[in-house]
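Undergrad: Before anything else, here's the structure in question.
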Amino acid sequence: MLQSLTGNVTDLEERRTVYGQNLIPPKKPKTFLQLVWEALQDVTLIILEIAAIISLGLSFYQPPGEGSESCGAANAGAEDEGEAEAGWIEGAAILLSVVCVVLVTAFNDWSKEKQFRGLQSRIEQEQKFQVVRGAQVIQLPVADIVVGDIAQIKYGDLLPADGILIQGNDLKIDESSLTGESDHVRKSADKDPMLLSGTHVMEGSGRMVVTAVGVNSQTGIIFTLLGAGGEEEEKKEKKGKMQDGNMENNQTKVKKQDGAAAMEMQPLKSAEGGETDEKEKKKSSVSKKEKSVLQGKLTKLAVQIGKAGLVMSAITVIILVLYFAIDNFVYQKRQWLPECTPVYIQYFVKFFIIGVTVLVVAVPEGLPLAVTISLAYSVKKMMKDNNLVRHLDACETMGNATAICSDKTGTLTTNRMTAVQFYTGDVHYKEIPDPSSIPPKTLDLLIHAISINSAYTSKILPPDKEGGLPKQVGNKTECGLLGLIIDLKRDYQPIRNQIPEEKLYKVYTFNSVRKSMSTVTKLPDGSFRMYSKGASEIVLKKCSRILNEVGEPRVFRPRDRDEMVKKVIEPMACDGLRTICVAYRDFPGNPEPQWEDENNIVSDLTAICVVGIEDPVRPEVPEAIRKCQRAGITVRMVTGDNINTARAIAIKCGIIHPGEDFLCIDGKEFNRRIRNEKGEVEQERIDKVWPKLRVLARSSPTDKHTLVKGIIDSTMVDQRQVVAVTGDGTNDGPALKKADVGFAMGIAGTDVAKEASDIILTDDNFTSIVKAVMWGRNVYDSISKFLQFQLTVNVVAVIVAFTGACITQDSPLKAVQMLWVNLIMDTFASLALATEPPTESLLMRKPYGRNKPLISSTMTKNILGHGIYQLIIIFTLLFVGEQIFDIDSGRNAPLHSPPSEHYTIIFNTFVMMQLFNEINARKIHGERNVFDGIFRNPIFCSIVLGTFAIQIVIVQFGGKPFSCSPLDLEKWMWCVFLGLGELVWGQVISTVPNSKLRFLRGAGQLTHKDDMPEEELNEDQEEIDHAERELRRGQILWFRGLSRIQTQIRVVNAFRSSLYEGLEKPESRTSIHNFMTHPEFRIEDSTPHIPLIDDTDIDNEAARKNSSQPSSPNKNNNAIDSGINLTTDTSKSAASSSPGSPLHSLETSL
C-alpha cells in the first residue's frame, strides 16, 4: 500500500522544484504600448492624422507671393492681427485630440484585459481537488498538487494531472479530449492504470498517484507544442488547463476578421479551458462564432451609419472645393498663379479637414466601446450577484431569455438532504423513530448498508460555527442517509475503518441509467454480501423479499409492492420527499458469482427499508420564480425525481398553480408523446408538448437535451425562444451546451458541467438567475440609451457641418471642437450610460425578441424630436445670432482669422444641449421622470459635471486651438438656458403618443435597408450599397431556386421510392433541411427575412459555404435515396429545420 505524503512543507517545496508546479504558465499580457498601437489602426484616426500633418506642414511654409493682392481673398484680414504664425495650432490641436482618443481607447482595452485576467484567476482558484495528505483527505486548489500526491477521483471530475490508478471502482474515463474517441475507457489498477490530465471521469471512483504535473503532464506537453502560432488556437482551447494566453491570439485573429466589434466577445472563450471532445469542439466553434444578437445588430448599424457619414463628408468636400474654384476662377476671373499655389492648397487642406471632421462625427466609434464597457461593467457587478460569467455574450442573451429549464436539487432547493420519514418492518414512521423501536437485526443491516454502500468521500463533519448545522461533504443524498445513522444514535466511521475502501470487493457506482448503487463485500466466512440503494420504485422492482417486524425476511410479491407504492411511497412523494430504498442480498462464496452480469446480480434483493429524504425549498425561490413569470419567462422544472415529489416541490415553488392548465409528466410519457412509431423525435410532436409542460420528472439527460433543443427549434411562436438551462451533473453537459445560456452550479457542479456552461452560479441559487436576467436586460437597455443619445448628436452634428459648410464655406463646428464633442459623446457618454445599475422595473416587461429592432419607435421619436430642436436652435444662432447677441458675425471669415464669439456661442450651446440630452437619454421607454435614480449612479453624475467643467475651461481658455473666444456671464447663461430647453422639450416629446406618428414604425424597423434615422437616409438614399442589395437579392433567388430543385427531387424520389418501400424513409427529412439551415437564410414561405445578425462579409461567406454544399442536386439525391441521416450530431452546427419553410408543408402532404 502506498503511503500518502505527510504534507511536510520542505518536502512539498522540493517536489515542486524537481517536478514543477501544477500550472501552465500563462502568456504575457499585451503591454500598454501594444494596445496604443492597436488603437492607432483606426481608419478615421489615420485620415485625421494625415490631414493634421499636411495642415501643420503648410502652416510653416511661407509662400513668397504672400503679400500680392493677385491671390485674391485668400489672405485678406489674416495679416491684420499678425495671426498667420498661429496657423500651426489647428494641426497640432487635431493631433493632440487624436492622442487623447487613442489613449482613452487603449486604457479601456487595458483595463478590460486586466478584468479578464482577474476573472480567470478567480475561475482557476475555484477548481479544487481532493487529495490525501498525512492520512487526511483535504481539498486543495489544483495548482498545489505535487508529484507523489494521492488524489481521490470520482464521477464528474476533470483530472488535473497525470497519474497511475492504485485503486478503482468501476472507473470509466472519457479520453476524447486527447484521443478523439468518444467511447468511455474502462480503467482498473491491474489492466489499464494510466490516467491522463484533461480527461473526464464519467463513472465510478478511485485513487491515483500523481506522476506528472503542469508542463510535464499530457495537457502541458500539448500546450508546449502549441506554444507558438495562432492557427493552432482551436486545438489549444481544447486542452485542459485554463490558459489565458489564448486571449491575445484570439483577439488579434478576430480583429483581422471583423474589427473591434467581435473583439469584445473573444477573451473568455478559453476561460475554463474546455476540453470538449473534438466533435463538440467543432460544434461549439460553430455555435459560439455567431456573434451575440446585440453585437450583430450593432456592427451592422455602425457600418451603415459610417457609410452614410462617408458619403456626407465626400459631398461636403466636393461642394466646398467647387464653390471655391468657381467663385475664384470663374466669377472673379483670377489666374492660377504659381506663387499662389500654397495658399490655395491651404484652403483645400482646410476643406479636407472639414470633410474629415464630418466623417469623424458621423462614425459612431463609441458603439463597440459602449458594448464593451457595458458588458465588462455588468460582468464585474454580476460577480457580486454570484454570477461568474464565462462567455461575455451570455450576459446579454440572458436579457432575452423566454424560458428557463431548471434543475430541482440544489437550485430550487437548499441541497441539504435530511431524512424525515422512514418505513421498515411494516411500520411507516412519520418522523425518525427511537432506535429501540427498530429490530436490532434490521438496524445492524441498515447501518452497514448505508455506511459501506456510499462513496467514502461523502461524510458529515461538525458545523463550522457553534450552533450551526453539521456540514455535508460529498453527495448530498448520501449525506442525508448518513445523517439518518446519526439520528439513530449510531456512527458510520468505525464500520468504514473496519472495511476500508480498498477492501470493497466490487462497486457498481451510481449513474443516471442505473439510478442505483451497489457495493459487494466479502464476509469473514468467504461468502459475499451486496448492499444496494437507489430510487425506491426502481430498487423495489428488484426485491423479492422484505424484512418483517422482527427483522426476518418474508416474501414480497408484486401486489405487495403495488400496495406499498400506494400506501408508503406516493404519500411520501406527495409531501415532496425523495424516496430511497435500501436493500441487500447474500451470495455463496463458492462458486463465485458472475460479477459482470449486473442484471442477474442486482436482482432478487431483500428490502431493508424505505427512507423519505427532504430537500427543503430555498425560502427565496418562490419570490424569484414569481418575478420570472411576471417578466414573461416560463420556468420549467426538469428533475430526476419521482413525479409526485417533483409536483409537490413545483407547487411549493410556484412553478405550477393549482387549477391552471399545465403538464406534469415523467420521462417515459414525454418520450411516448414526442416520438413517432419508429422512435424518432418529431418537432411537431414536441410543439404539442412544450408550451404547457411545466414539470418533467424522472428525466434522463437525453430528455433534457431533447426538450431544450425542441423549444429552441420550435417555430410555432413568432419569436424564437431563448432558453436558459441550469445543470450540475456531468450528464447535463449536452443540454447546457445546446441552450442559449447554460448555468452551471459553482458548488455542486462537476467540472464537466462548468466546462459546458456560459455562467457559473457561485451560490447555486435560483435567485442569482433572476439577477442575471436583470443584468442582461440592463445591458440591452444601456446600449439603447447610448444609441439614442449618440444618434441624436450624430444627426445634428453631421447636418450642421454639412449645411454650414455648403452655405458659409466653413463648418460652424471646427475640427477640434468636433473631436471634443465626439470624445464626450462617445467615450464619456458610453461610460455614463452603460453603467446605469439595473432596477426591479426591468423585470416588469416581457423580453425583447431576437428580431426586435434596436431602435424602438419611442427612441426614433426621441432622436428625431431632439434633433429638430437642436437644429432649429443652432441654425437660428448661425444665421441671426449676431443680431440677437449684437456681436460680429463669424460667417465668411478668412483663413487664419481669430475665433469669433459668434461661433463660440454656437459651439457652447451645442455642447450644453448634448449634456442635458444625456440626462434625457437615461430613459428610453418614454418615462416622464428622467432624474429617477440618478444619484444611484455616481459615475453618471461625475461624468456630466466633469464634462461641464472641462467645457468651461475650453471656452474661456481654449483660445485659438479650440477656435473659442471667452464669453461673458450673460452669454453663458443663454447657452445653459438653451441647453436646459432640452429637458423641457423632452417632456413635450414624451407627450406625443407614438400612435400619432405612424411613419416612425418603419424607421424603427431595422431592415437591411434602413437602419439609420430618416434624415440621414433621405440625404443619401442612393449610396447605400447597391452591390450589397444585389448580392442579397442574388442569394435569395439562388436559395429559392435551390429549394425548388430540392422540392422536385423530393417529389420524384417520393414517387420512385413509394413503388419499392411504401414511402420515403423519414430519416432523410433532416438531410434536406440541412441545406436550408443557415440561420441567415431561413426562407420562410419564400419571403426573404434577412435577419440583422450578419455583416456583409459574413453573408458572403455563408453564401459561399452554402453554394458549395448543394452544388450538385445529385448529392442531395443520394442523401435522400439512401435515407442516410445527415445530421447525426451536427445539431449544434446546423440550426435545425424550420417547419415554416415551403419544403416542410410539402413533406407533410407527401
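The values are calculated or read from the model by the stated rules, or taken from the named source; none is laboratory data. All values reported here derive from a predicted model rather than from experimental measurement. For neighbour counting, all protein chains shown are included, and Cβ atoms are generated from backbone atoms with ideal geometry for every residue, glycine included. These accessible areas exclude ligands, DNA and RNA; they are computed on the full protein's heavy atoms, side chains included. Shrake-Rupley method; radii C 1.70, N 1.55, O 1.52, S 1.80 Å.
Undergrad: Consider a paramagnetic label point 7 Å from the Cα of T808 along Cα→Cβ; state which residues of the range 896-928 have an amide N under 19 Å from it.
TA: Output list for this probe position: 896-914.
Undergrad: Compute the distance in nm between two label points, each set 7 Å from the Cα along the Cα-to-Cβ direction, one at F107 and one at M973.
TA: The two pseudo-label positions are separated by 3.6 nm.
Undergrad: Another question, if that's okay. Could you give the length gained by full extension between R117 and S527, i.e. 0.36 nm per residue of separation minus their alpha carbon distance, to one decimal place?
TA: Stretched fully, the R117-S527 segment lengthens by 141.8 nm.
Undergrad: Using a simple spin-label model with points 7 Å from Cα along the Cα→Cβ vector, what separation in nm is obtained for T179 and K465?
TA: 5.0 nm
Undergrad: Which FRET efficiency value, to the nearest 0.05, do you get for R845 and F348 by plugging their Cβ-Cβ distance into 1/(1 + (r/R0)^6) with R0 = 60 Å?
TA: Working: r = 53 Å, r/R0 = 0.89.
Efficiency, from the Cβ-Cβ distance: 0.65.
Undergrad: I've got another one for you. So what does the Cα-only Debye profile of the range 525-584 read at q = 0.17 Å⁻¹, as log10 I(q)/I(0), no solvent term?
TA: After summing over all Cα pairs, the log10 values are -0.63.
Undergrad: Ordered by residue, what ³J(HN,Hα) values in Hz, to whole numbers, does the range 960-975 give under the Karplus form 6.51 cos²θ - 1.76 cosθ + 1.60, where θ = phi - 60° and Gly and Pro are x?
TA: With the stated coefficients, the range 960-975 comes to 4, x, 9, 6, 10, 10, x, 10, 8, 4, 4, 5, 4, 4, 4, 4 Hz.
Undergrad: When you count, for each residue, the other Cβ atoms within 10 Å and take the mean per peptide, how do 165-171, 200-206, 429-435, 354-360 rank with the highest first?
TA: Listed from highest to lowest mean packing, they are 354-360, 200-206, 165-171, 429-435.
Undergrad: Next question, about the same structure. Mind ranking 626-639, 666-679, 591-604, 504-517 by how tightly packed they are, going by the mean number of other C-beta atoms within 10 angstrom, highest first?
TA: Descending packing order for the listed peptides: 626-639, 504-517, 666-679, 591-604.
Undergrad: Additional query: If you take every residue apart from I438 with its C-beta less than 13 Å away from the C-beta of I438, what net charge results, scoring Lys and Arg +1 and Asp and Glu -1?
TA: After counting each charged neighbour, the total is -2.
Undergrad: Please arrange R922, R685 by accessible surface area, largest first, computed with a 1.4 Å probe and ligands excluded.
TA: Largest accessible area first, the residues go R685, R922.
Undergrad: Between R673 and V717, what is the FRET efficiency for a Förster distance of 25 Å, r being their Cβ-Cβ separation, to the nearest 0.05? Let's see the in-between values first.
TA: Working: r = 19 Å, r/R0 = 0.76.
E between R673 and V717, to the nearest 0.05, is 0.85.
Undergrad: Would you please state the base-10 log of I(q)/I(0) at q = 0.23 1/Å for the range 869-959, with intensities from the Debye formula using one equal scatterer on every alpha carbon?
TA: The computed values of log10 I(q)/I(0) come out as -1.15.
Undergrad: Between V681 and T991, what is the label-point separation in nm under the 7 Å Cα-to-beta-carbon projection?
TA: Result for the modelled spin labels: 5.6 nm.
Undergrad: Same structure, new question: Going through the cross-link list K384/K627; K28/K128; K785/K852, which pairs have a Cα-Cα distance over 23 Å in this structure?
TA: K28/K128
Undergrad: Label 7 Å along Cα→Cβ of I884; the range 939-981 residues with amide nitrogen under 17 Å?
TA: Zone members listed by number: 967-981.
Undergrad: Ok, one more. For the range 580-717, what percent of Cα pairs sit more than 17 Å apart?
TA: 69 percent
Undergrad: Report, to two decimal places, the Cα Rg of the range 654-800 normalised by 2.2 N^0.38 Å (N = number of residues).
TA: So the Cα radius of gyration is 1.35 times the expected 2.2 N^0.38 Å.
Undergrad: Something else: Express in nm, to one decimal, how much length is gained between R559 and F32 on full extension, taking 0.36 nm for each residue of separation and deducting their alpha carbon distance. Let's see the in-between values first.
TA: Working: separation 527, 0.36 × 527 = 189.72 nm, distance 7.67 nm.
That pair, R559 and F32, stretches by 182.1 nm at full extension.
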